[in-house]
1. Using only DSSP helix segments of four residues or longer, with each worth -39500 (n - 2.57), what per-residue ellipticity at 222 nm results for chain A after dividing by its residue count and rounding to 500?
2. For the residue pair residue B:21 and residue A:94, what label-to-label distance in nm results when each label sits 7 Å from Cα along the Cα-to-beta-carbon direction?
3. In terms of the Cα gyration tensor, with a ≥ b ≥ c the square roots of its eigenvalues, is the range A:24-65 rounded because a/c is under 1.5, prolate because a/b exceeds b/c, or oblate?
4. I'd like the carbon and sulfur percentage of the solvent accessible area for the range A:1-137, probe radius 1.4 Å, heavy atoms only, ligands and nucleic acids excluded.
5. Consider a paramagnetic label point 7 Å from the Cα of residue B:43 along Cα→Cβ; state which residues of the range B:92-120 have an amide N under 15 Å from it.
6. Taking a ≥ b ≥ c as the square roots of the eigenvalues of the Cα gyration tensor of the range B:103-179, is the shape rounded (a/c under 1.5), prolate (a/b larger than b/c) or oblate?
7. With a 1.4 Å probe and every protein chain left in place, work out the accessible area per residue of chain B in Å², rounded to a whole number.
8. What's the center-to-center distance, using Cα atoms, between the range B:68-100 and the range B:133-148 in Å?
Amino acid sequence: MTKVPVQFSLNGADIAEFVESGVTLLKLLREKAGDMSAKGGCHQGTCGSCSVLIDGELRLSCLTLAETCNGAAVETTAGLAESGVLHPLQRAFSEGFATQCGFCTPGMIMAAKALLDRNPSPSREDVVEAISGNICRCTGYEPIIQAILAASRANSLSAA
Amino acid sequence: MGLTLQTFPTVADAARLLAGDPAARYLGGGTLLVRHANEGDTSFSAYVRTTDPGLSAIMVADGSVRLGASVTMAAVARHPELAFLAPAARAVGGPAIRNMATVGGNLFAPTPYGDFGVALLALDAMLDIDETSIPAEDFFASRQSYGRSIIRFASFPLAAGNGLRFLKASRIRPKGASVVTIAAVVREEGGKVADARIAFGCMADRPIRAKAAEKALIGQPLTAEGIKPALAAALEGTAPVTDAIASAWYRSEVLPVHLGRLLLG
């Protein structure tokens, strides 16, 4: 099997790995880079649990080939906490009971981060649209929507 | 068997490899092809892609629009001069899919997907494919024969775009696969329809033109009474699919209702 070098930044740290040509970014993250935050749910682009940010854009790591990420900046939920302090989205999810089994949570949080990075004060509709590609089978979505809105309010308070 | 990815700087290089290797498939945004690989499709063993920057460009000039085949749905949706296409681009997937899914890929998306292709069909888009240019209608008619081809561009007149009406009926909002998708470009003269192009998604295994409905609309005013003949003819030539989203019967029942809403809305 042909091995190819892949280099990119993962949550600000340089990653350089030899991977089998054609493997997905999800496989590299979980099996090579030791980042288990992105989850492999459907592997079809339907569930959103593998969502990561690539150069600031929300992407599905199960459908993205690792080699196409050369030189890119990849962000996952594992990189959100700083010095042990949770990101406002993580805090809001935890405090608002927006996570139950937790499988969808990393994808939901990255989808929410993609939204808040562009639109710090989203409407409820914006939030629903932003997580429309992410499936949750536990919460009924409402606590997730409320957590994202709470995180946006917390952000605007800390910025003020 | 493992898969390999081969990247080429130009379309011509990628096309040469595709022509010579029956186990190679062209990779766009990955939302269709990598999905197949993940599902265990062993009919191909190599991904081929090109980084040709021309394929990622949107050009709006001299009254026409040219969309590179690698342009994403997200790029179309946020383009300031393509607001008329935003509803069709936003109809595709969720935000992550739209950051990946391409104009070229959507033309190959099987029913119930391919909503953007329905809009391109109504716009009478021309597709640059394999060094030639063909109408989207001809492409869809023999889509299976283009499985190993590379689409470069889709182009259409800006004026047609500004008259585009688009509707996607789905059971889940804001993101759900299509029950029926309808795109229409209707030009009126003196209060009557002079010219109409209507395209349906999910009313066959690929986007199709509604020729009978188009014909029945010519010369009629866009009123509840005027569009009756078009609605009565809407199902002519259709072969709707039955899938997990809806039955063929249901699609046939609701199509004229949605067509009426689109034409009168």
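The values are calculated or read from the model by the stated rules, or taken from the named source; none is laboratory data. Given the structure is predicted, the values throughout are model-derived calculations rather than measurements. Cβ placement follows ideal geometry from the backbone for every residue including glycine, while neighbour counts extend to all protein chains displayed. Side chains are part of the model used for accessible areas, which takes the heavy atoms of the whole protein and leaves out ligands, DNA and RNA. Shrake-Rupley method; radii C 1.70, N 1.55, O 1.52, S 1.80 Å.
1. Calculated mean residue ellipticity at 222 nm is -10000 deg cm²/dmol.
2. 4.7
3. Cα axes put the range A:24-65 in the oblate bin.
4. 50
5. B:108-111
6. oblate
7. 42
8. 22
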